[in-house]
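Structure, as structure tokens:
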Amino acid sequence: MLALVVAAASPVFVAAADNATQGGVSLRAGMGDHFTRFELAWESPSFWNYQFSGNRGKLELFAELGAAYWKADGARYPSDAWQFSAIPMLRWTVRQRYYLQAGVGPTVFNRTRFAGERIGSAFQFGSHLELGAFISSSSRLGLRVSHVSNAGIERPNPGLEVFQLIYTYQY
């Protein structure tokens with residue numbers, strides 16, 4: 001977190017609001033309670049955007065499609081799982097440099113047990129909150145917290161939380 005704050009304050013970070021409507025590819029690595037998670041995600045170009053007057057930023061709606069590999073720590077079984085997701089996201093870009101984005105959407109796992117626990121159902125919902133900064137006209141760096149659960153549609157519903165470091169290349 002400190003590295004992101006220090007880097008965001010440096011002059012290397014550039015204004016990139018015009019590029020924020022581009023699509024992109026993200027690499028994500030994160031950790032949760034007794035597991036690690038790695039994801040490759042595609043980000044669509046913006047479906048909709050709104051430019052606020054003055055210096056209040058820009059709001060954008062886009063989609064994220066992702067494939068993630070989860071790996072349990074130690075001897076927990078099953079020790080791995082795959083997750084596929086399609087999440088609508090809303091991004092607020094401020095001062096053409098920083099962003100806050102959030103989204104909630106469907107996700108599916110290849111199994112209903114992971115890391116020694118039943119997760120209830122293969123169908124889950126993912127909710128995400130990300131804070132970051134543009135590090136060039138084609139790159140972003142962010143920190144994301146995610147919660148994945150089945151929203152109580154099946155028991156048990158333990159939920160999984162993961163904290164992630166994200167690099168996005170915009171094209």
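The values are calculated or read from the model by the stated rules, or taken from the named source; none is laboratory data. Nothing here was measured: the structure is a model prediction, and the numbers come from that model. So basically every Cβ, Gly included, is an ideal-geometry build from the backbone, and we count neighbours across all protein chains shown. These area figures cover heavy atoms from the full protein model, side chains too; ligands, DNA and RNA do not enter into them. Shrake-Rupley method; radii C 1.70, N 1.55, O 1.52, S 1.80 Å.
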FRET efficiency for Arg155 and Ser79, using Cβ-Cβ distance with R0 set to 30 Å, rounded to 0.05: 0.80
Histogram of C-alpha separations across the chain, 5 Å bin width, %: 2, 9, 17, 21, 17, 13, 9, 7, 4, 1, 0
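Using the C-alpha gyration tensor of the range 98-171, what are the square roots of 5 times its eigenvalues, in whole angstrom, with the largest one first? Let's see the in-between values first.
Details: eigenvalues 176, 24, 21 Å².
Ellipsoid half-lengths, sorted descending, are 30, 11, 10 Å.
Can you sort Ile166, Ile135 by solvent-accessible area, 1.4 Å probe, largest first? Spell out each step's value before the answer.
On the way: Ile166 0, Ile135 45 Å².
Output order, biggest surface exposure first: Ile135, Ile166.
Calculate what fraction, in whole %, of the accessible area of the chain sits on carbon and sulfur atoms when a 1.4 Å probe is rolled over the protein chains.
Exposed carbon and sulfur together represent 65 percent of the surface.
Would you mind calculating the gained length between Ala102 and Val145 on full extension (0.36 nm times residue separation, minus the Cα-Cα distance), in nm to one decimal?
Details: separation 43, 0.36 × 43 = 15.48 nm, distance 0.98 nm.
Full extension of this stretch gives 14.5 nm more.
How much length is gained on full extension from Trp48 to Ala29, taking 0.36 nm per residue of separation minus their Cα-Cα distance? Let's see the in-between values first.
Numbers: separation 19, 0.36 × 19 = 6.84 nm, distance 2.82 nm.
My answer for the length gained is 4.0 nm.
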Per-pair calculated FRET efficiency, R0 = 25 Å: Trp92 and Ala67 via Cβ, rounded to 0.05: 0.40
